[in-house]
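So the structure is just underneath, and the comments pick up after that.
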Amino acid sequence: MSAFPSPARSATWIEKPDSLAIWQRTLGPEAGYTVTASHNLGTMLSLAGRYAEAEPLLRDALATRRRLFGDAHESVGPSLRNLGVLLHRTGRLEEAERALRDAAHNQRAANAADHPRVLDVELSLGELLVDRAKAGEAEPLLRHVLEGRTALFGPDHPATAEAQRALAQCLTARQQFPEAERLLVASERTLAPAPFKRIELAKTRGALEALYRAWGPGRKRR
């Protein structure tokens with residue numbers, strides 16, 4: 001039974017909208033499996049760009065977890081983070097920032113500073129802050145993420161490459177171009193041979209192009 005609300009299983013529900021409803025009727029809307037399935041399905045729909053379908057699922061899972069467990073429970077943090085990411089992607093930056101700050105507070109209270117959940121939410125918050133012209137606040141967060149992921153996964157892991165790109169985009173906004181370039185080149189080097197990372201590689205190459213445009217006329221890859 002525990003397999004049903006997993007992310008992998010929830011991904012198959014995207015094309016089977018009645019599957020979640022069956023679990024809601026069978027177990028009840030506030031059963032742990034049902035809430036987790038709703039959260040995971042909403043996350044998968046968000047990743048697929050189906051934000052209008054994802055948002056009510058993520059909001060419902062968040063509201064239910066808060067009602068059942070309270071704001072301080074560690075299960076609330078991932079719901080806040082995934083909702084915040086959706087809000088960021090759909091341009092509601094102020095609400096996204098509130099959600100991601102709350103998620104960061106929740107996860108720091110529940111986990112060690114280098115826990116993957118803490119690093120994940122700090123990455124999302126840092127990226128949001130850069131887009132809100134708060135790169136100075138974002139930089140120490142994103143440096144912490146890169147340090148933590150490098151320690152956890154090593155320097156040549158795709159998760160580390162993602163953190164390198166996020167910090168580089170922050171540094172580009174702060175006109176710290178040489179360090180940003182080094183980070184993006186390292187990110188590209190890791191992602192280029194990685195299977196199933198074409199989208200991430202495209203993001204890194206797009207960030208490199210943006211770096212050279214910001215750096216000034218005539219700047220190109222050395």
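In table form, for the structure just shown:
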quantity	calculated
Cα gyration tensor shape for the range 41-121, rounded if a/c is under 1.5, else prolate or oblate	prolate
Farthest positive-ward along the range 122-214 dipole, Cα basis, beta-carbon charges - from Ala192, Leu171, Pro155	Ala192
Computed E for Glu147/Ala52 - FRET, C-beta separation, R0 45 angstrom, nearest 0.05	0.75
Residue-count net charge about Gly148 - beta-carbon cut-off 12 Å; Lys, Arg +1, Asp, Glu -1	-1
Coil-residue chymotrypsin sites (Phe, Trp or Tyr not before Pro) of the range 144-222, DSSP, other Cβ within 10 Å capped at 12	Phe196
Extended-chain gain in nm, criterion 0.36 nm per residue less alpha-carbon gap, Ala112 and Glu95	3.5 nm
Prolate/oblate/rounded label for the range 164-222 (Cα gyration tensor, a/c 1.5)	prolate
In the range 54-128, GluC sites (Glu not before Pro) in a DSSP loop with at most 15 other beta-carbon atoms within 10 Å	Glu74
Alpha-carbon centroids, the range 121-159 and the range 63-101: separation in whole Å	18 Å
Dipole moment magnitude, nearest 20 debye, the range 26-145 about Cα centre, only Lys, Arg, Asp, Glu C-beta charged	120 debye
Gain upon complete extension [Asp156, Asp60; 0.36 nm per residue less C-alpha separation]	30.8 nm
Accessible surface of the range 83-201, 1.4 Å probe, proportion on carbon and sulfur as whole %	53 percent
In nm, spacing of pseudo-spin labels at Arg132 and Trp215 (7 Å Cα→C-beta vector)	3.0 nm
Shape of the range 105-162, Cα gyration tensor, a/c cut at 1.5	oblate
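The values are calculated or read from the model by the stated rules, or taken from the named source; none is laboratory data. As the structure is a prediction and not an experimental result, all values here were calculated from the model. Every residue, glycine among them, receives a Cβ derived from its backbone with ideal geometry; neighbour counts consider all protein chains shown. The area values use the complete protein model at the heavy-atom level, side chains included, leaving out ligands, DNA and RNA. Shrake-Rupley method; radii C 1.70, N 1.55, O 1.52, S 1.80 Å.
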